[in-house]
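Novice: Please read through the structure below; I'll follow up with questions.
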Amino acid sequence: MAKIYVNGEAQEVTLPLNISELIKNNNVQQPEMVSVQVNEEFAERDEWDNIQLAEGDTVDFLYFMGGGSAL
Amino acid sequence: MIDLTEQQIERYSRHILLQDVGVEGQEKIMNARVLVVGAGGLGAPVSLYLAAAGIGRIGLVDADVVDLSNLQRQVIHFTRDVGIPKVESAKEKIQAINPDVQVDTYREFLDSSNALDIISQYDFIVDGTDNFPVKFLINDACVMAGKPFSHGGILRFHGQTFTHLPGTACYRCMFKEPPPAGAVPTCSQAGVLGAIAGMLGTIQAAETLKYFTGVGELLTNRLLTFDAKTMQFNNIKVRPRASCELCGEHPTIDHLIDYEQAACDLKHH
């Protein structure tokens, strides 16, 4: 087990774990509407399968949000 | 510099009393020119507070007319305004609140043909739009023109905002390109709690006033997000991305792009 931080909250995870798997584990409904940072660095979408997480990593999910002036 | 009249000293007394603002800060506010893109859920509270604060010139961009379904959150528009252009409805309220404010109205859509022209006439831009093609357009135009702006987005019970100054992280540093058309619901499809627009819009208005008065720390290089269900606010640190296609080390975007919009987002009046 390892501890990582997702959007500021600690999560116990089993390694090895890549970003795509973390997204699945966190039930992100539409992965195409999320942008990901690992340790405050932007993670390219086509690298999500290759980026392995480690103990203490911080991961941020940034969601697309529209809103405002309704059309 | 502006010499404040007695009436203005009274009107803005609660700003002038603030040590960080004072007469000098109020004069900066009164010399400021702000463009508000979208006279809707976010543009409404932004425009109302900026007008009350005495921003010298406010530009409003919106091609739409007021719809009954807007009134649940777009508090600058009243029941009697249904059917009239949003920019006209908003202008009337701004001038009723504060006749000192000069209002420019642009009853048109912002696109690659007019964005730089319009933006260049203002000192600070507020993104109060609902759709990703225009959010990227505003970001790109502001970065190209070296203009600061406030980004805002709301959905259901959530809001997010950041402030960009030249050299700080831009929208593309965080979100490379618009999501596939139709992938992300907008408020018109997913709904939004009306007061969320007020929460987010007033943060954007406060950031605008902080920018002009130089007070405090702006929301640069961080994305503020909140969930109104739990009232948890979260600051996510972000940084300029070296590989950013717009502001990175080897930019590839050198012109404004009109992205396709999901068909279901298009006007339905």
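Novice: Touching a helix residue (DSSP H, G or I) at 6+ places or on another chain (Cβ under 8 Å) and either within 13 Å of chain A (Cβ to nearest Cβ) or over 22 Å from B:Ala145 (Cβ atoms) (or both): which single residue out of B:Gly83, B:Gly40 fits that description?
Specialist: B:Gly40
Novice: Do we find that A:Ala2 is touching a helix residue (DSSP H, G or I) at 6+ places or on another chain (Cβ under 8 Å) and among the small types (Gly, Ala, Ser) in this structure?
Specialist: Values: touching a helix residue (DSSP H, G or I) at 6+ places or on another chain (Cβ under 8 Å): no; among the small types (Gly, Ala, Ser): yes.
No.
Novice: Could you pull out every one of the strands (runs of 3 or more DSSP E) wholly within chain A that has 2 or more residues that are away from chain B (no Cβ under 11 Å)?
Specialist: A:2-6, A:9-13
Novice: Quick check on B:Gln7: is it in contact with a Phe, Trp or Tyr (Cβ under 7 Å, 6 or more places away or on another chain) and free of Cβ contacts under 8 Å to residues at least 40 places away in the same chain?
Specialist: No; evaluated as a whole, the condition is false for this residue.
Listed here are the residues, each with its yes/no results for (1) crowded, with 19+ Cβ neighbours inside 10 Å; (2) more than 23 Å from B:Leu224 (Cβ to Cβ).
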position	(1), (2)
B:Val101	yes, yes
B:Tyr106	no, yes
B:Asn114	no, yes
B:Ile125	yes, no
B:Asp130	yes, no
B:Val134	yes, no
B:Asp140	yes, no
B:Thr163	yes, no
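Novice: Which one is nearest to B:Ile203 (Cα to Cα) among residues in region B:221-260 that are facing chain A (nearest Cβ under 9 Å) and hydroxyl-bearing (Ser, Thr, Tyr)?
Specialist: For region B:221-260, the residue satisfying everything is B:Thr225.
Novice: If you take just the strands (runs of 3 or more DSSP E) that sit entirely in region B:99-209, which of them hold at least 2 residues that are touching a residue at least 12 places away in the same chain (Cβ under 8 Å) and within 19 Å of B:Leu246 (Cβ to Cβ)? Walk me through it before giving the result.
Specialist: Details: elements: B:102-106, B:124-127, B:149-155, B:158-164.
In region B:99-209, B:124-127, B:149-155, B:158-164 are the strands (runs of 3 or more DSSP E) which contain 2 or more residues that are touching a residue at least 12 places away in the same chain (Cβ under 8 Å) and within 19 Å of B:Leu246 (Cβ to Cβ).
Novice: Considering only region B:76-97, state which residues are outside any helix (DSSP H, G or I) and buried (at least 19 other Cβ atoms within 10 Å of the Cβ).
Specialist: As a first pass, look at region B:76-97 and keep what is outside any helix (DSSP H, G or I): B:76-78, B:82-85.
The answer is B:Ile76, B:His77.
Novice: Going by the conditions given, is B:Gln74 away from every other protein chain (no Cβ under 14 Å), within 18 Å of B:Gly38 (Cβ to Cβ) and touching a residue at least 40 places away in the same chain (Cβ under 8 Å)? Please lay out each step first, then the result.
Specialist: Details: away from every other protein chain (no Cβ under 14 Å): no; within 18 Å of B:Gly38 (Cβ to Cβ): yes; touching a residue at least 40 places away in the same chain (Cβ under 8 Å): yes.
Against the criterion (away from every other protein chain (no Cβ under 14 Å), within 18 Å of B:Gly38 (Cβ to Cβ) and touching a residue at least 40 places away in the same chain (Cβ under 8 Å)), B:Gln74 does not qualify.
Novice: Restricted to region B:43-65, and to residues that are in contact with a His (Cβ under 9 Å, 6 or more places away or on another chain) and assigned to a helix (DSSP H, G or I), which residue is farthest from the other protein chains (Cβ to nearest Cβ)? Quick ask: steps written out before the conclusion?
Specialist: So the first thing to find is which residues in region B:43-65 are in contact with a His (Cβ under 9 Å, 6 or more places away or on another chain), and the list is B:44, B:53-54, B:64-65.
Of the ones still in play, those that are also assigned to a helix (DSSP H, G or I) are B:44, B:53.
Values: B:Ala44: 9, B:Ala53: 20 Å.
Only one residue fits best here, namely B:Ala53.
Novice: Could you look through region B:86-101, keep only residues that are hydrophobic (A, V, I, L, M, F, W, C) and touching a helix residue (DSSP H, G or I) at 6+ places or on another chain (Cβ under 7 Å), and pick out the one that is nearest to the other protein chains (Cβ to nearest Cβ)?
Specialist: B:Ala90
Computed from the coordinates by the stated procedures, all read-outs in this text should not be read as laboratory data. Because the structure is predicted, anything quoted here is derived from the model rather than measured. Reconstructed Cβ throughout: ideal geometry from the backbone, glycine too, with neighbour counts over all protein chains shown.
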